[in-house]
Structures are given as C-alpha cells and as structure tokens.
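Before any comments, here is the structure.
The values are calculated or read from the model by the stated rules, or taken from the named source; none is laboratory data. What you are looking at is a predicted structure, and each value in this text was computed from that prediction instead of being measured. Reconstructed Cβ throughout: ideal geometry from the backbone, glycine too, with neighbour counts over all protein chains shown. Ligands, DNA and RNA are stripped out before the accessible areas are found, and what is left, the full protein with its side chains, is counted by its heavy atoms. Shrake-Rupley method; radii C 1.70, N 1.55, O 1.52, S 1.80 Å.
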Amino acid sequence: MTTPDVTLSRPAVAPETAPAAPAHAYDAGLLVLRLALGLTMAAHGAQKLCGWFGGGGVDGTGQFFAASGYPSPRAFAVVAGLSETLGGLGLALGLLTPLAAAAVAGTLVNAISVKWGGGFFAPQGVEYELLIALSAVALALTGPGRIAVDRLLPGLRSHRVAHGVAAIVLGAVVAGVTLLLRH
C-alpha cells in the first residue's frame, strides 16, 4: 500500500507584508539613545573642561593624562574634553551625527587603552567605555533618525552608511595616532 505524498508548508509571507515597527518607533528609539549617550558624554566633557559634576577641570584631567603617559597633558585634556562635550551635544541634537559619534568613539578608544589591564567588569574594567564606544559606532552607522537637526540640513537629510563608516575610520585613525604619541 502506498501513502500519498503530503507536503506541509507554511504560508509564505512577503517581505512587504511582514510585521515591522513603524518608522516613528525607530526614530523615537534613536532619539532616546542619542539623548542618553550624548548628554552623558557632554557631562563627562564638562567634568574635564570646567570641573563641573565633580570633575577635575583641565588641570586635574591634565594631571591624569600626564600620569597616563600623554605628552602635553593639558592640551590632551582640552582635546578630550572638547571631543566629549561637542561630540555628546552633537549626538544629543542629531547634528553632524557621524562626526559626533566618531569623536565620542575615538575618545573612548583612548579611555579603553588606558584602563585595559583591569579586565572587563567594574570597578577596573572597560565594559562601560566599550558600551559607549560601540553605541556611538552604531549611531554613526544607522544615522540619527528623523527627529534630528541633520534632517534640516540639505546635505545630511538622508543618512548614508558610507558617511558613518568614513567618520568611524577617521575617529579610529585619530585615536590610533593619539595612542602612538602616548609613552
């Protein structure tokens, strides 16, 4: 006795009918990420530049940079503070997002290298710095969403992954050069 061939299959779902989150949900999620990351980094920069929020200001940060082997520690403290402050504010506003993200990520690459010997987890680890750096890279690659100043600027209205990749490469090169100057 032969049995009939029975094929069980699922109904095919066309990609255009597959459920997806509405665009405004993505934009809201990116806005929350940009605000949290950007304002956190801007506050860290204000610690370095102005001594706000319990920070050391340029002098105290310069002393830390000197102890970490950076030449011209005061100048590097200003550069780090400006990178964090301006990069953070750029991310929060969604202004020049790929460059802002690259500034944040490049600064955090240096922070990771300084703390590298302490393992992955706190209190000596690098997980916090790594999370911030990779979040910035993700924003450079995805773009700021539609709730961003970049949407108002003609050349930046539509995000291009190439801009994000180029900015991250630039940030990595500058971070690498900075690390090469460290002794």
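When the charge dipole of the chain is built from unit charges on Cβ atoms (+1 for Lys and Arg, -1 for Asp and Glu) and taken about the Cα centre, the candidate among Gly51, Gly38, Ala101 whose Cα reaches farthest toward its positive end is Gly51.
By the gyration tensor of its Cα atoms, with a ≥ b ≥ c the square roots of the eigenvalues, what is the shape of the range 122-183: rounded for a/c under 1.5, prolate for a/b over b/c, or oblate? It comes out oblate by the Cα gyration axes. Taking the accessible area of the chain, probe 1.4 Å, and keeping the other protein chains in place, the carbon and sulfur fraction comes to 71%. The listed peptides 93-100, 65-72, ordered by packing as a protection proxy, come out as 93-100, 65-72 (highest mean of other Cβ atoms within 10 Å first). Among Ala103, Ala166, Ala136, the largest mean-square fluctuation in a Gaussian network model of the chain (Cα springs under 10 Å) belongs to Ala166. Under a Gaussian network description of the chain, with springs only between Cα atoms under 10 Å, the residue in Pro144, Pro123, Pro73 that fluctuates furthest is Pro123.
Largest first, what is the accessible-area ranking of Val104, Val114 with a 1.4 Å probe?
Numbers: Val104 0, Val114 45 Å².
Output order, biggest surface exposure first: Val114, Val104.
Which of Arg146, Arg160, Arg34 moves the most in a Gaussian network model of the chain with Cα springs under 10 Å? Most flexible of the set in this elastic network: Arg160.
Computed with a 1.4 Å probe over protein heavy atoms only, the accessible surface of the range 17-80 comes to 54 Å² per residue.
Using a probe of 1.4 Å on the protein chains alone, the accessible area found for Leu180 is around 140 Å².
Taking 16 Å as the cut-off, the amide N atoms of the range 25-53 that come nearer than this to a point 7 Å along the Cα-to-beta-carbon line of Ala67 belong to 48.
Please give the helix 23-50 orientation as an angle from the longest Cα principal axis of the chain, in degrees from 0 to 90, rounded to the nearest 10. Tilt relative to the chain: about 10 degrees. The range 28-166 has equivalent-ellipsoid semi-axes of 27, 16, 13 Å, by the square roots of 5 times the alpha carbon gyration tensor eigenvalues, sorted largest first.
Surface exposure of the range 113-183, expressed per residue as accessible area with a 1.4 Å probe, stands at 62 Å².
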